[in-house]
Amino acid sequence: QVLLVESGGGSVQAGGSLRLSCAASGRTFSRYGMGWFRQAPGKDRDFVVGISWSGGSTMYADSVKGRFTISRDNNKNTWYLQMNSLKPEDTAVYYCAASRLPGASAQQREYEYWGQGTQVTVSS
């Protein structure tokens, strides 16, 4: 059984930082792209960032460029989202996802496995 488990969410004031982790089990994802998505209350789930299997290619939503950084550790089957300069509009449930393809992608349909989500709340 494949499981993706996020951790690191919480509440922070605007301007603060959080680091999310996503640990995968049940399958090795070292040859697949990974990503993070988020869903704010009353809104659709949106793409945040994606990373290729090697980490050599990344994609960021315009709203997070320069503030968020994705990374991965294939030895640990884990990937991370460092979030700096957080804003209230970053408040959402954040989901990690594993792609069925090796590249970085913003397309949700390319992601095969999803975590259960972790809440991030940024107060002003």
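Side notes on the structure shown:
- Cα-only Debye scattering, the chain: base-10 log of I(q)/I(0) at q = 0.09, 0.13, 0.16 Å⁻¹: -0.21, -0.44, -0.67
- Accessible area in square angstrom per residue, region 4-84, 1.4 angstrom probe: 49
- Gain upon complete extension [Arg19, Thr69; 0.36 nm per residue less C-alpha separation]: 17.1 nm
- Extended-chain gain in nm, criterion 0.36 nm per residue less alpha-carbon gap, Thr58 and Gln82: 7.3 nm
- Extension gain, Glu89-Gln107: 0.36 nm per intervening residue step, less the Cα-Cα distance, totals 4.3 nm.
- Amide H within-cut-off set for Tyr113, under 5 Å, with H built and near neighbours excluded: Ala98
- Remark on Ser57: its backbone amide H falls under 5 Å from those of Ser52, a criterion applied only to residues 5 or more positions apart or on other chains, H modelled at 1.01 Å from N.
- Modelled FRET efficiency - R0 35 Å, Ser30 with Thr121, Cβ distances, 0.05 increments: 0.60
- Between Val2 and Asp46, the FRET efficiency estimated from the beta carbon spacing at R0 = 30 angstrom works out to 0.80.
- Here the chain exposes an accessible surface that is 45 percent carbon and sulfur, computed with a 1.4 Å probe and the other protein chains kept in place.
The values are calculated or read from the model by the stated rules, or taken from the named source; none is laboratory data. Note that the structure is predicted; figures quoted are calculated from it, not measured. Using ideal geometry, Cβ is built from the backbone for each residue, glycine included, and neighbour counts are taken over all protein chains shown. Calculation scope for accessible area: heavy atoms of the full protein, side chains included, ligands and nucleic acids excluded. Shrake-Rupley method; radii C 1.70, N 1.55, O 1.52, S 1.80 Å.
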